[in-house]
Amino acid sequence: MGFDEDLVTGKIILQAFAPFVKNLVEEGLSKKTIKGHMENLCSLGSEIIRGVHFDEDQRKLSPKDLLLGYVSEVGGPWVHQWNPSDKTEENKIRSYNATCRKLYNFMMPTN
């Protein structure tokens, strides 16, 4: 359990993730693939909450702006519990960044 304000931030993040997850289901992805994306979203959410502790002003951002501050066309923020020297985590990192890119592309308006 973190801080009470983390619960509020967590709920905001979950609400922002919901349309993305719904889209994954509508794409007809397998349950295993959706589960992998969900696990990656949990890691991303943890990093967002961690980051908000260092910059309280982020709590004032809209859910979309908050997420777009963490994901981009190249992936997501580094997950602090991962060891960059551990070669066994390479697939996990690739998967996580793919989810973050997919979320970013989903949230960005199409031209």
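The values are calculated or read from the model by the stated rules, or taken from the named source; none is laboratory data. This one's a predicted model, so the numbers in the text were calculated from it and none came from an experiment. Glycine also receives a Cβ, built like all others from the backbone with ideal geometry; neighbour counts cover every protein chain displayed. In case anyone asks, the SASA skips ligands and DNA or RNA and just uses the protein heavy atoms, side chains included. Shrake-Rupley method; radii C 1.70, N 1.55, O 1.52, S 1.80 Å.
If you go through region 70-89 and keep only what is assigned to a helix (DSSP H, G or I) and of a type outside the set (K, R), you end up with T88, E89. Take the residues of region 26-41 that are open to solvent by less than 90 Å² (accessible area, probe 1.4 Å) and under 25 Å from P77 (Cα atoms): which is farthest from the chain's Cα centre (by Cα)? Filtering region 26-41 for residues that are open to solvent by less than 90 Å² (accessible area, probe 1.4 Å) and under 25 Å from P77 (Cα atoms), the one farthest from the chain's Cα centre (by Cα) comes out as L29. Can you go through G75, G51 and tell me which one is surrounded by 11 or more Cβ atoms within 10 Å (Cβ to Cβ) and farther than 22 Å from P109 by Cβ? The unique qualifying residue is G51.
Taking the numbered list (1) modelled with pLDDT of 95 or more; (2) open to solvent by 70 Å² or more (accessible area, probe 1.4 Å) in turn, K92 passes all entries but (1).
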